[in-house]
Structures are given as C-alpha cells and as structure tokens.
1. Looking at segment A:127-159, which of its residues are at pLDDT below 95 and of a type in the set (Ser, Thr, Tyr)?
2. Select from segment B:1-23 the residues that are part of a helix (DSSP H, G or I) and either farther than 15 Å from B:Leu321 by Cβ or of a type in the set (Phe, Trp, Tyr) (or both) and list them in ascending order.
3. With the requirement that a residue be assigned to a strand (DSSP E or B) and either modelled with pLDDT of 95 or more or surrounded by fewer than 20 Cβ atoms within 10 Å (Cβ to Cβ) (or both), what does segment B:46-68 give you?
4. Against the condition assigned to a strand (DSSP E or B) and either surrounded by 24 or more Cβ atoms within 10 Å (Cβ to Cβ) or touching a Pro at 6+ places or on another chain (Cβ under 8 Å) (or both), how does A:Val174 come out, does it pass?
5. From the list B:Pro295, B:Pro279, B:Pro257, B:Pro302, which one is farther than 27 Å from C:Arg84 by Cα and either modelled with pLDDT of 95 or more or surrounded by fewer than 19 Cβ atoms within 10 Å (Cβ to Cβ) (or both)?
6. Identify all residues within segment A:20-65 that are out of contact with any strand residue (DSSP E or B) (no Cβ under 6 Å at 6 or more places or on another chain), more than 10 Å from every other protein chain (Cβ to nearest Cβ) and of a type in the set (A, V, I, L, M); write none if there are none.
7. Taking C:Val174 and the conditions (1) modelled with pLDDT under 95; (2) touching a helix residue (DSSP H, G or I) at 6+ places or on another chain (Cβ under 8 Å), which numbered condition does it fall short on, given that it satisfies the others?
8. Pull out all pairs, ordered by first then second residue, where Cβ-Cβ is under 6 Å, the residues are six or more apart or on different chains, the first lies in segment B:61-86 and is more than 16 Å from A:Asn241 (Cβ to Cβ), and the second is at pLDDT 70 or above and of a type in the set (Ser, Thr, Tyr).
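The values are calculated or read from the model by the stated rules, or taken from the named source; none is laboratory data. Keep in mind it's a predicted model, so treat the numbers as computed, not measured. Heads up, the Cβs are rebuilt from the backbone with ideal geometry, glycines too, and the neighbour counts pull from every protein chain shown.
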Amino acid sequence: MESVRHILRVEQFDRAWVDDTLLPVTQRLLGEWPAQALAGKEIFNLFQQPSFLTRLAFSRAVRRLGGQHEQADFENAFTAEGRRQTIEDEVRILNGLEYAAILVRADTAGGAERAAAVSTVPVINAGEPAHRAALGSAQHPTQALSDLATIEHALGRIDGLHVVIVPGDGASLVIVQSLAMLLGRVCRELRLTLAVRPALTPLFNELGEYLAAQGVECRIVHDIRPAASDADVLYFAQANNLHLGVAERYRAPGEEPGVFVLTQEILDLLPQAAVIMHPLPRNIGASSAVPAELPEAFTGDPRVRCFEQARMKHVVAGALLYILLGG
Amino acid sequence: MESVRHILRVEQFDRAWVDDTLLPVTQRLLGEWPAQALAGKEIFNLFQQPSFLTRLAFSRAVRRLGGQHEQADFENAFTAEGRRQTIEDEVRILNGLEYAAILVRADTAGGAERAAAVSTVPVINAGEPAHRAALGSAQHPTQALSDLATIEHALGRIDGLHVVIVPGDGASLVIVQSLAMLLGRVCRELRLTLAVRPALTPLFNELGEYLAAQGVECRIVHDIRPAASDADVLYFAQANNLHLGVAERYRAPGEEPGVFVLTQEILDLLPQAAVIMHPLPRNIGASSAVPAELPEAFTGDPRVRCFEQARMKHVVAGALLYILLGG
Amino acid sequence: MESVRHILRVEQFDRAWVDDTLLPVTQRLLGEWPAQALAGKEIFNLFQQPSFLTRLAFSRAVRRLGGQHEQADFENAFTAEGRRQTIEDEVRILNGLEYAAILVRADTAGGAERAAAVSTVPVINAGEPAHRAALGSAQHPTQALSDLATIEHALGRIDGLHVVIVPGDGASLVIVQSLAMLLGRVCRELRLTLAVRPALTPLFNELGEYLAAQGVECRIVHDIRPAASDADVLYFAQANNLHLGVAERYRAPGEEPGVFVLTQEILDLLPQAAVIMHPLPRNIGASSAVPAELPEAFTGDPRVRCFEQARMKHVVAGALLYILLGG
C-alpha cells in the first residue's frame, strides 16, 4: 500500500500494513519509547468536541516521544458567539504556525477529511460524531486500530476469532462501525456477532452488508447469552443509558428482554481465555432503573481489559505519531 | 511517621515531619530549584472544579522542577452531558498513561481519597469543596501546609502564637478547618481565636472541640477588635460577600454589628510584627453595600502578606512534589 | 526612544524602532529561530476573552524560542461564579510565581495597562475589546505591528502607500484604529482610505482627525470601488455579518448600496501588485442573505495574503518576545 500520510478512515489500512507497520511499532513502544523521536515538533489538537481519553492518549504520547502539543481550548466559546471560522481556515492558520501534525476531533462527520484536503502536514482523525448517513461517512480510525492491537496483544492473534459486539445505543455507532469495518478488512476467518436491542437493528443493516461483502460471517442477535460461550472477544460499546431507557420500550409486548450488559451469568458462560473490552467511559447514566453495561463490581475479573485497552490507545497513538512523523 | 505516599488529609502530618521534611525542603526552594528533579515526569491535574492559584502553584512548580503537566480541560463539558465517568475510572486510565502523580481537585468531598484508593501513583488533594458533614470529611491540606510555612517564614517560629482567624462564610469552611486542625496538631502553645459572625457560630463547634482535645486554647468571638491587639497572625478566609449579606441579617435586633473585615481601626490595634493573611481571591462580591474583607487600599501595609502567601503556596507545591517524586 | 518594557499601545512606537528593531528581528525569525532564546522562561497567557490566532501565535512562538507557556483556562468559570479577582491581584500572584512575562487579553479596555501598572515583569497587550470611548482607549498593538510587518514583507516598503481599509462593523473597531494609528505614525507619504458603510461613518470621525494631525491624507468613502484601482493594500477587518444586516438597513431610501466585500469586479480593478489582507476569522455569520467579506472562492488569488498575515502575526509575536526577553 502507498505510504500513510494522514489517518482518516479505516479503509486506508490493510493486513500487510497492520503486520508490517502498526503491530511492530506498537510492540516497540510497549517496551521503550524513543524519547527524542519528535524532538522539536509540536502537534496541534483541534478538538471541536470534548474528549478525555483520546486527547490524553495522544498528548501524553507526543511528550513521551519528545515533542510538544498545543490545543484550542476556546472552540466552544467561539461556537457560542457564532464566531467560528471554517476548519479549512483553521488548518491554513495552523500550517503557517508550523505545527508538525494536526489531530482533529470534528463536530461534524467529514471534518477531518476537509482538514486534510488543505493541510500541508499530516492530519489524524481523532473520532467523529455518530452519523446515520452512509456507512463510513463518520469514522473513528484510531480507536479501531488500537482496539485491534489490544486484541492481538491479549489473544496473541487476530485470525480465527469470534468477536461479539454489544453496540449500546446509536451514540456509539461510529465506534462500532469503524471497529467492525477494520476487523472485517484485516482479520482472517472472522466471525462477528452484533448483540443489538431489537429496536436498534435497522442501524446495523448496512454494516452487515459491508461485512458480508468482505467474506465475514456476521449475524445480528438480540441477546448476548447465545453468543457468549464461544466468544473470544466481548466488546461493549458506550451506551448512553439515559437514551436506552427509551430504546428498551420498543420491545414487542410480552417479549422477554434480551441481556445487553455484563452479568454474572455471562461471565459464567464466557470462556476463561476471552477478553472483555469497552472504549470508555462506561455506564453513562446507569442507575438503579437502567443497568450498567460493564459494572464496577466486575472490574477485577481478569478478562475485563478495558483499562489495558485505554493504555493501548495511548501506545497506538504513539505508534501512529511515530509512523507519520518519527522517521 | 511512615513515609508520605499521598497528600490527602492534614491528620497525616506531625511536628517531626514539618520540622524534618516540609520546612527544610521549602527553605531550599526559596533559594534555588533543582531544575532536573522531575525530569521525564509528567503530572496530571484532575481539576473537577476551577482553580486559579492552586492549579498554577503546582503547574509552575512542576516545570521549575523540570517536569511537565497535563490537565483535563473538558471536565465541565462532560458533566454537562452526563458523560462523566467515575473518578476511579479516570485514575485507572491516567495510571495506564504513566503520569507520575495526580493532583485532584474533586467536586465532592472525599474525591481525592477515592482517587488514591485505586491509584498506583501518588495523589495530591488540591482542595475539596466546603462540606458540612463531619469535621475533616473535606480537606485542603496543601493550603494548610503552605500557610504554616508562610507563618514560619514571616515570624521565624510556629510556637507560642496567637492566631486569629476570620472565617468569612461557609464557602471557606474547608480552608479554615484544615488550617486550624493542622496548626492544632503541630504548633506548641497555640492560642486560636475564631472571629465568627454570630449566625455562623454553630459551624465551628466541632472544630472547637477538636482543638480543645489537642490542648489548644480556642475561643470563638463575634468581632475582630477584642482579639487584634495581641494577635501574631490575622487570617481572613475567603468570604463570598454575596452570601454574607444574608448572614448579617441573622443578628439579633438592636445588636451592634461586629467587625469582620480589615479596617484602619484594626490596623491601629494590631502589633507591628503581626502578619495579615488571606488565601485569595479576596473580596468576592464586595460592593458599596457589603464591605471587602481585605480592601485594596491596605494592600501596601507591610503586615499584609497575602501575595507572599500565594508565592509560598507555589514554593510548598514544589516542596511536596519534590518530597513525593524527587528523591 | 526609551527601551520597550511593556507592549501596551501603538503610540509607544516610532519609525526608528520599527526600522532598527522590529523589522530586523522579524526578518531574522523569517529565517531561523534562536531555539534557546527563552530557555528556562515561562510566559503566562491571561486571556479573559477567547482567542484563536493571537493566543496560538504567541504560544507557538514561546516554544520555538525554547520557553514554555501557561494559561488560565477557567477564567470564564470564575466569571460565572462571580469569583473573579481583580486583574491587579492576578498579576501580583503571577509575579510571585516568577513567570517571565504576562500576555493579557482583557475583557475591558485598559485591562492591560492596569496589569502593567502593578507587574514586575513585561506585559503584552494581546488585544482589547472594541470600545467606543476616546480613540486609543482600547488597543490591539500586536495586530497592528504584525500587519505593518506583513505589508513591508509583501511590498518591500512601508512608504508612499495607498492603504484602503474596510472596517466591517463596530466589532473590529479596535483593529482598524490601532492599525491606522500605527501606519499614520510610522509610514511616510501615506494615503489612507476608509471604505465605510454610511451608517457607521461617525465611528471613524475621531480617527480621521488623528490621522490628519499626523499629516496623513485620509478620506472616508462609502464603496470600495472608487479606491481600488490605485490601492497598494486592501485591508478587510472582521465584520460580524449578523450585525451588518442591521447596519445595511440604515442606508437612505433609494440609495445605491456600496460594495464592502471582495468581488470579482474589485479583483479586476485592483493592481496586480496589491495585497489583500484580513486579520481573521473572516466571514462571521456570512450567509446567502449577507455576503462574505473575503469569500472562500477567492482564497487562491495570489494577492490574498491573509494566511501569510496570520503567519506573520506568529513571527512578530516571536520578535516581540525576543525583544522584551531574549536579550
């Protein structure tokens, strides 16, 4: 494949790049970080939407590689005043200030590609808001790449896997789409099960078709339990439980509710070698009425790897910066 | 005492630690800062509440010691969306990113201790909101430690003192409690006078009992004047004057109002060697109707030491970082 | 002239300083930046108002000169709580923390001068809000100085120029005033044309008188076209088009609307050697009903220099820091 200049979409990446570039560089940073790789370079974080983990994963990585970072704090203030300039103008300004790369969390889908179209330096898409237009029109490629690396690191392989994804609600659609698309592109003999609340099923039709076209065995079910006993990966995406209370109501009358959260029953079904993942934050708006998808009480189960996954997000952030800028 | 791992509560500290560790390291930084003591280390500022002085006191100290710092800017944005994760999850993420210490200004009392309970690195409590539950359930230990160092630096001693504290309103309760508890623990032959508006007296009963149990001569009065003429320290805590207008009204009808702000009359009563302190910001909501507790007009009086106190907060921040991480 | 200690007002600067100091240092930074000039120094950005370009222009410059910067992020939060302290107290605190300089974007005119009056280190005025009191009571000197450097760099001279300024609306008044006052002070044989919407004319009377007193040939017109064919510089200031819809309505009935935005007609009139400038952001609130003052479609015209101007703002920020602190 041609050399990577920007990180914008999961379709940019193939198995050869994962094997020859992503995983080896990630492995290196799991050991020692080359402390001067980005010396004299400064990265700009253009975050039009708030972020805790993605922003810090990169900011910390920049510094561990010897570089510096800056960010626009007042984006929201500008928006409130209607004073925002276009992302193209912002990028043109940032290019003039000689930042070495621009990390973009856009507030509308396609923002990172618009930034890249005018930028003279690499642009990294740090996640776009969920978007119900065509599949792939919004992307979160750095999350998908780091989740892939987490799986490889935890299981020692990325082929022959059964991955069960619990997509939460529409708010996490972009994470689910990007992850499933990437796994579909690079993992061989993949089986992918989406455990989806019935009312949300239509959101995943287009993804199912994409995966089928990639030769992936993909099915949509309405409960985790039937898929748990031979799962290698059980991936919970963020669910905004404030919304899900509503989604639950769309069940047909009398229908037994499916299980879409981690319970002791599921832990008992799940193989000992499986890994349980979550991109965090977890349990948004969980309450006594609406259950948490990854309860605090199970945090200590050795299969729960969500904090190793967060750490890997940081390590892969470092790997991507090194690949783009460190050579 | 056992070696200090976190800075969470004033009850952690005794006179031996103050004499053998805090004051000598502070004294050293009043001279030259060891410019590489934190080289390669990055501190995380987890500020769930805004702060001007405390945040900068530490951030600047980190850099003067050769380290770096990062912070979560978007805490408020997350809160607004109901997207906040628990402080425990935030700390687990930050640990994975290998920050060397976490500075916590929690939005609820006990937040720093919750953070420390899961953290693999030192946690420093950067102040908790005033809390009317049991004494000591909210703490501001770094303020109390630096105020102690300010007194020692200004007066050359911490024993045999008469300290007069004007607690303002309930908003500053945590500062008053932490300072009084620390002084009660480490200063010998301490006399402590609280000059409290009558309506707020019940807020200080529990503190009075704590100090009595430490052998401190403590009294509560309703005017600064009777205590001023033999005060060594006159300490004004922050008063939110917008609230105090209300507190004033609880006075009994016909009762003469006490004086709880700095006036020329009090400056005339106060010994020339006394020091006047204030943790800043001062005079919040002061107006023609509600007087300022430490008026701008008296800023130049040589006894007013509030800006040296702010500087000492920074120097002690450096000392605490050095003690926890610099060895 | 006496040596520059603070950067507060354009009236501080004369032609000798521009020729002997500003332009040579700027020219040097257009080549290589002295990477250790600010080593060990930290600058504080006290931004009471949001800023994209000005803040970054300086922050990036600090780092390229080997220094560090810090900022107050929570100013707005404090304001909301009514907890703000005076700018004088903030500066006294910052002085105690030994920042090497303070960059002030005040939320009221005169804030930077208040800061400088108590500061023990240099204060740089990073722009004040437009203010309709006496001319010069609000200032944006760093914008004016960098715009001057942009003109000199683009045209190779600052004398004998015809500068046409399109002031937008009142929101950009401070930029127009500071630029015109500076050009009036330092450029020889200057002709200055203000192309002003009729309803806004009274805002520029006092400026016209100032320039006349400097010997500048200044006129106010109500259309760009008559001034375009011999313009050397066509300078659009920010227009908040949300407001301008209102301003337009003040035209006399039946009067032909003037042209106050860049059009193909104006590009055809304008000399090939002219430069088109804009301090950015441009086209705030532009819509199908209200036209953009510098449309995206003309961005590629070689005379449009607004992004080189943004870059020069950064280079001049570096030059000013170097002049104040680097020696």
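1. Across segment A:127-159, the qualifying residue is only A:Ser137.
2. Matches in segment B:1-23: B:Val10, B:Glu11, B:Gln12, B:Arg15, B:Ala16, B:Trp17, B:Val18, B:Asp19, B:Asp20, B:Leu23.
3. B:Gln68
4. no
5. Answer to the check: B:Pro257.
6. A:Leu22, A:Leu23, A:Val25, A:Leu29, A:Leu30, A:Ala37, A:Leu38, A:Ala39, A:Leu65
7. It fails just one condition, (2).
8. Sorted first by the residue in segment B:61-86, then by its partner, the pairs are B:His69/B:Ser59; B:Glu70/A:Ser59.
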